[in-house]
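Trainee: There's a structure below that I have some questions on.
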Amino acid sequence: MSFLNPSADFVRRRRWLIGGASVFATAAIGAGFWVGQDANRMRPDPKIIYVDSWAGGRTRDDALAKRAADHAALDRKLAESRAYIASLPPEKRKAAQADYDRYLAAPNKDRVG
């Protein structure tokens, strides 16, 4: 009945094993929380893109006229922007011109307004 009176080496080894297993289990649970910490965070709202809805009988000429009108409106806005930038004092003009150039360099899908 040596299990009733184990040796000191056996007791020491069992304590190390149980202690190691408890440290490992605690670390595994902590790592699980650390890895899953982003699971329930709120994500940003999706970007909604609105598109024009056209009539089924729309002709090519109608589409080209709409495109020309859109380009003319954009050209008017850009001309207004350039006139406004030209009216600014020199220290503000440089920053505004940099913003204007950055806007023109952006792809169409990233332009706002």
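The values are calculated or read from the model by the stated rules, or taken from the named source; none is laboratory data. Everything quoted here is computed from the prediction, not taken from an experiment. In this analysis, Cβ positions are derived from the backbone assuming ideal geometry, glycine residues included, and neighbour counts consider all displayed protein chains. To get the accessible areas, we keep the full protein, side chains included, count just its heavy atoms, and leave off ligands, DNA and RNA. Shrake-Rupley method; radii C 1.70, N 1.55, O 1.52, S 1.80 Å.
Trainee: Compute the distance in nm between two label points, each set 7 Å from the Cα along the Cα-to-Cβ direction, one at Ala98 and one at Ile48.
Mentor: Label at Ala98, label at Ile48, 3.5 nm between them.
Trainee: Sticking with this one: I need the chymotrypsin sites (Phe, Trp or Tyr not before Pro) found in region 1-100, filtered to DSSP loop residues with at most 12 other beta carbons within 10 Å of theirs.
Mentor: Of the chymotrypsin sites (Phe, Trp or Tyr not before Pro), the ones in loops of region 1-100 whose Cβ has at most 12 other Cβ atoms within 10 Å are Tyr50, Trp54.
Trainee: To make sure I understand the rule: partners must be aspartates and glutamates, Cα under 20 Å from the Cα of Lys77, and not fewer than 8 residues away in the same chain. Which ones qualify?
Mentor: Asp99, Asp101, Asp110
Trainee: Separate question: Cα extents of the chain along the three principal axes, largest first, in whole Å?
Mentor: Taking max minus min along each principal axis of the Cα atoms, the chain gives 101, 52, 18 Å.
Trainee: With every protein chain kept in place and ligands, DNA and RNA left out, what is the accessible area per residue of the chain? Probe 1.4 Å, answer in Å².
Mentor: Per residue, the chain has an accessible area of 93 Å².
Trainee: Now for a different question. On the accessible surface of region 46-111, probed at 1.4 Å, how many percent belong to carbon and sulfur atoms?
Mentor: Within region 46-111, the accessible surface is 58 percent carbon and sulfur.
Trainee: Compute the long axis of helix 8-35 from its Cα atoms, compare it with the longest principal axis of the Cα atoms of the chain, and write down the angle in degrees, 0 to 90, nearest 10.
Mentor: Helix 8-35 sits roughly 10 degrees off the main axis of the chain.
Trainee: Sticking with this one: Express the C-alpha Rg of region 51-106 as a ratio against the empirical globular expectation 2.2 N^0.38 Å, rounded to two decimals. Don't skip to the answer; put the middle values down first.
Mentor: Working: Rg = 16.7 Å, N = 56, 2.2 N^0.38 = 10.2 Å.
That works out to 1.64 for region 51-106.
Trainee: Region 57-113: which trypsin sites (Lys or Arg not before Pro) are DSSP loop and have at most 16 other beta-carbon atoms within 10 angstrom?
Mentor: Sites meeting the loop and neighbour criteria: Arg58, Arg111.
Trainee: With θ set to phi - 60° and the Karplus curve 6.51 cos²θ - 1.76 cosθ + 1.60, what are the ³J(HN,Hα) couplings of region 49-65 in order, to the nearest whole Hz, using x for Gly and Pro?
Mentor: 10, 9, 10, 6, 10, 10, 5, x, x, 5, 9, 4, 5, 4, 5, 5, 5
Trainee: Give me the angle, in degrees from 0 to 90, between the Cα long axis of helix 90-105 and the longest principal axis of the Cα atoms of the chain, rounded to the nearest 10.
Mentor: In the chain, helix 90-105 runs at an angle near 80 degrees to the longest axis.
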